[in-house]
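**Student:** Quick one: the structure is below, questions incoming.
The values are calculated or read from the model by the stated rules, or taken from the named source; none is laboratory data. None of the values given here were measured: they were computed from a predicted structure. In this analysis, Cβ positions are derived from the backbone assuming ideal geometry, glycine residues included, and neighbour counts consider all displayed protein chains. Note: accessible area is taken over every heavy atom of the protein model, side chains too, but ligands, DNA and RNA are not part of it. Shrake-Rupley method; radii C 1.70, N 1.55, O 1.52, S 1.80 Å.
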Amino acid sequence: GQWLVFVNPDAVPAPGSIRALVECAKAEPQAGIVGGRCLAEDGTTDPRSWWGRPGLWSAFCFGTLLSSVFPGSRWFDPEAPRPWSSDVQQVPVVTGGFMLVSRRVWEDTGGFDTTFFMYGEDADLCLRAAESGYRPTVTGRAVFRHEGGGSSSSAGKMLMLFTGKATLMRRHVGKAGVRLLLMGVYLRARLGRVMRARPERQGRPTAKGEDWRRLWEQRREWSKGWTSKGRPQ
């Protein structure tokens, strides 16, 4: 086939959404990867449709708590998605919850890196596609609902999420990115007693002090990233 469509087990595309992905991919051949518009339970647009580019600056903002002090800021929380500005727009990272990939992109990039057991493989694929000249895109006509968290238990989510983040940083940023992740987790663990619990936002872990302290204690498990056997090194 010319197109591959990936759908998370807890994602529900609306009727006609897959057709909308294909139509967008045909109209925007430079995209290579096309995602849709995620809806929340109340029908409003969910920001988890796409994310900003992960990089050294975003890691610095996390490591210095800027992303928590200024959540959603274009400058200090750069991985947070911006509001939709048009029905079709280019984005750094398309969520893997509902994603179309052209056969050409799949063959050019080698597809998902199976070293990632969970979390981060969609961002890695989008970054590698962009390096090959493609421009990942989202279309508001391809609507889907994605509850989130259905693929993993809450107890192990943060550990797997940061294992994926560490793998992504090692691949695309370097060891400095991982050190900044460690610093951010450490500071949040230290400040956990005075920080109020915040609800999960944009697919990110809940900022509870006990969660950050546990994650800091597990740093040797996640900071080296995923191995080819699908578990932390």
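**Student:** I'd like to verify a number: residues in segment 129-147 that are outside any loop (DSSP other than H, G, I, E, B) and buried (at least 19 other Cβ atoms within 10 Å of the Cβ), how many?
**Tutor:** 8
**Student:** Go through segment 115-135 residue by residue and tally those that are aromatic (Phe, Trp, Tyr) and farther than 13 Å from Leu161 by Cα.
**Tutor:** Number satisfying all stated conditions: 1.
**Student:** Is it the case that segment 137-150 has a residue that's free of Cβ contacts under 8 Å to residues at least 40 places away in the same chain, among the small types (Gly, Ala, Ser), touching a strand residue (DSSP E or B) at 6+ places or on another chain (Cβ under 9 Å) and under 27 Å from Cys24 (Cα atoms)?
**Tutor:** For segment 137-150, residues free of Cβ contacts under 8 Å to residues at least 40 places away in the same chain, among the small types (Gly, Ala, Ser), touching a strand residue (DSSP E or B) at 6+ places or on another chain (Cβ under 9 Å) and under 27 Å from Cys24 (Cα atoms): absent.
**Student:** Only one of (1) among the small types (Gly, Ala, Ser); (2) touching a residue at least 40 places away in the same chain (Cβ under 8 Å); (3) in a loop (DSSP other than H, G, I, E, B) is not met by Ala123, so which one is it?
**Tutor:** Every listed condition holds for Ala123 apart from (3).
**Student:** Just need a number here: residues in segment 57-108 that are among the small types (Gly, Ala, Ser) and either exposed (fewer than 14 other Cβ atoms within 10 Å of the Cβ) or closer than 15 Å to Ala25 by Cβ (or both).
**Tutor:** Looking only at that region, the number is 4.
**Student:** Considering segment 1-15 alone, what residues qualify as being touching a residue at least 60 places away in the same chain (Cβ under 8 Å) and within 12 Å of Ala142 (Cβ to Cβ)?
**Tutor:** Val5, Val7, Ala11, Pro13, Ala14
**Student:** Specify the residue that is surrounded by the most Cβ atoms within 10 Å (Cβ to Cβ); the eligible residues are those in segment 35-51 that are out of contact with any Asp or Glu (no Cβ under 7 Å at 6 or more places or on another chain) and part of a loop (DSSP other than H, G, I, E, B).
**Tutor:** So the residue we want is Asp46.
**Student:** Next up: How many residues does segment 4-29 contain that are open to solvent by less than 70 Å² (accessible area, probe 1.4 Å) and in a loop (DSSP other than H, G, I, E, B)?
**Tutor:** Counting residues in segment 4-29 that are open to solvent by less than 70 Å² (accessible area, probe 1.4 Å) and in a loop (DSSP other than H, G, I, E, B) gives 5.
**Student:** Kindly evaluate Thr45 against the criterion of being more than 20 Å from Arg188 (Cα to Cα) and of a type in the set (Ser, Thr, Tyr).
**Tutor:** Yes.
**Student:** Hey, any hits in segment 163-173 for a residue that's under 15 Å from the mean Cα position of the chain (by Cα) and at pLDDT below 95?
**Tutor:** no
**Student:** Suppose we filter Val94, Val22, Val88 for residues that are within 22 Å of Glu121 (Cα to Cα) and in contact with an Asp or Glu (Cβ under 8 Å, 6 or more places away or on another chain); which single one remains?
**Tutor:** One residue alone meets the criteria, Val94.
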